[in-house]
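The values are calculated or read from the model by the stated rules, or taken from the named source; none is laboratory data. What you are looking at is a predicted structure, and each value in this text was computed from that prediction instead of being measured. Neighbour counts run over all protein chains shown; Cβ positions are idealised from the backbone, glycine included. The area values use the complete protein model at the heavy-atom level, side chains included, leaving out ligands, DNA and RNA. Shrake-Rupley method; radii C 1.70, N 1.55, O 1.52, S 1.80 Å.
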Protein chains: 2
Amino acid sequence: MARIVVTVMLKPEILDPQGAAVRGALTRLGLSGVSDVRQGKQFVIDLDGALDSEREMVLTKLAGELLANPVIEDYQLRVED
Amino acid sequence: MARIVVTVMLKPEILDPQGAAVRGALTRLGLSGVSDVRQGKQFVIDLDGALDSEREMVLTKLAGELLANPVIEDYQLRVED
């Protein structure tokens with residue numbers, strides 16, 4: 001079994017109002033020195049069997065088309081085991 | 001500067017319809033052998049200065065109260081640098 005974690009974050013130049021709200025709340029609730037908060041998504045994908053190169057190619061393609069919006073978001077794949 | 005990544009995932013016993021929808025879409029779009037997909041949130045928090053033990057305590061507490069809903073979600077803190 002292979003576990004792949006895809007994280008999707010807004011591109012740095014895109015405003016992140018949710019992250020800004022969390023930043024304000026953290027500061028208000030007593031955490032000092034918060035300079036920035038960005039909020040993103042995480043997908044934990046479990047596959048039967050190993051992650052061969054063909055499946056990795058398909059998954060990388062789908063991560064960029066289905067899981068992330070390439071206009072405003074960046075994504076990263078990480079293989080865990 | 002310290003960077004802390006907080007990931008928030010639904011507890012394993014809580015149904016995840018978004019994850020199930022992504023699983024269906026990945027399979028339909030050509031990725032074979034997807035056994036499970038879970039969707040969660042990620043917060044990337046940048047702090048000025050180092051993460052001392054007091055700030056880590058405050059952040060851990062707030063992660064469990066503000067960022068995650070402890071009734072249905074688990075959270076993890078990871079320090080990056």
- request: Shortest first and in nm with one decimal, please list how far the B:Ala20 label point sits from its counterparts in the other copies (point 7 Å along Cα→Cβ).
  value: 3.7
- prompt: Chain A: which residue's Cβ hugs the A-to-B rotation axis most tightly, distance rounded to whole Å?
  reply: A:Gln42, 2
query: Using a label position 7 Å from Cα in the Cα→Cβ direction, what is the ascending list of nm distances from B:Thr60 to the same site in the other copies?
result: 3.8
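Can you give the accessible area buried between chains B and A, summed over both chains, with a 1.4 Å probe, in Å² to the nearest 100?
Values: alone 5910 and 5910 Å², together 8980 Å².
Buried area between the two chains comes out at roughly 2800 Å².
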query: Using Cα pairs under 8 angstrom and six or more residues apart, how large is the relative contact order of chain A, in percent?
result: 54
message: With θ taken as phi - 60° and the coefficients 6.51, -1.76 and 1.60, list the Karplus ³J(HN,Hα) couplings across segment A:69-76 in order, rounded to whole Hz; mark glycine and proline as x.
response: 9, x, 6, 10, 10, 9, 9, 9
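Within the set of other residues whose C-beta is less than 14 Å from the C-beta of A:Arg38, count the net charge using Lys and Arg as +1 and Asp and Glu as -1.
Details: positive: A:Lys11, A:Arg23, A:Lys41, B:Arg3, B:Lys41; negative: A:Glu13, A:Asp16, A:Asp36, A:Glu73, A:Asp74, B:Asp46, B:Glu80.
Net charge around A:Arg38: -2.
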field: Shape metrics for chain A, restricted to C-alpha atoms - Rg then Dmax, Å
entry: 16.0, 48
message: Compute the angle between helix A:17-28 and the longest alpha-carbon principal axis of chain A, please, reported from 0 to 90 degrees and rounded to the nearest 10.
response: 50
query: Between A:Gly33 and the same site in the other copies, what are the distances in nm, shortest first, taking label points 7 Å from Cα along the C-beta direction?
result: 4.7
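How big is the charge dipole of chain B about its Cα centre, in debye rounded to the nearest 20, if each Lys and Arg gets +1 on its Cβ and each Asp and Glu gets -1 on its Cβ?
Working: 9 positive and 13 negative charges, 101 e Å.
Dipole of chain B, to the nearest 20 debye: 480 debye.
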query: What does the convex hull of the alpha-carbon atoms of the protein assembly as shown project to on average, in nm²?
result: 9.9
- request: Under 13 Å from the Cβ of A:Lys61, count the other residues' Cβ atoms, weight Lys and Arg +1, Asp and Glu -1, and hand me the total.
  value: -2
